Amino acid sequence: MRELGLERSDIAKAFADIDELAAQCKFRDCTHDNEPHCAVKKTISEGILTEERLISYQKLKKEAKYDGLNSKQIEKEKINEMFSGLGGMKNARNYIKVKSRK
Ligand SMILES: [Zn+2]
């Protein structure tokens, strides 16, 4: 499958660091809430990451209902969904082109 150039998506950019941290959590399905050995919580306790950003990240994931996907994948799914009735990925590609022109 061809790369769609979604790396620049706002969501992926905004939460890329949390995705990276989440990958270091002990549990793959970590919710970064009360789990032991949570890399995200550890970073918050060290003052590197703010709790507000974690909350926004969790809210985004919850709203999107794409548990287990990282933010880049969520963005892809959203675009897929958005264009599923309009010819699918062909239109999505055009949309991305227009969007990245900004
Ligand atoms: Zn965690």
Every residue from segment 12-34 that is buried (at least 18 other Cβ atoms within 10 Å of the Cβ) and assigned to a loop (DSSP other than H, G, I, E, B): Cys25, Cys30, His32
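Restricting attention to segment 35-64, report how many residues are of a type outside the set (Ser, Thr, Tyr) and either within 10 Å of the ligand (Cβ to nearest atom) or surrounded by 13 or more Cβ atoms within 10 Å (Cβ to Cβ) (or both).
Taking segment 35-64 first, the residues of a type outside the set (Ser, Thr, Tyr) are 35-42, 44, 46-49, 51-55, 58-64.
Narrowing the set further to residues that are either within 10 Å of the ligand (Cβ to nearest atom) or surrounded by 13 or more Cβ atoms within 10 Å (Cβ to Cβ) (or both) leaves 35-42, 44, 49, 53-54, 58, 60-61, 64.
Result for segment 35-64: 16.
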Filter result for Ile18 (at pLDDT 90 or above and touching a Lys or Arg at 6+ places or on another chain (Cβ under 9 Å)): yes
All positions within segment 35-59 that are assigned to a helix (DSSP H, G or I) and at pLDDT 90 or above: Ala39, Val40, Lys41, Lys42, Thr43, Ile44, Ser45, Glu51, Glu52, Arg53, Leu54, Ile55
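The values are calculated or read from the model by the stated rules, or taken from the named source; none is laboratory data. It should be emphasised that the depicted structure is a prediction, and the values quoted were computed from it without experimental measurement. Ideal geometry is used to build each Cβ from the backbone, glycine not excepted, and the neighbour counts take in all protein chains shown.
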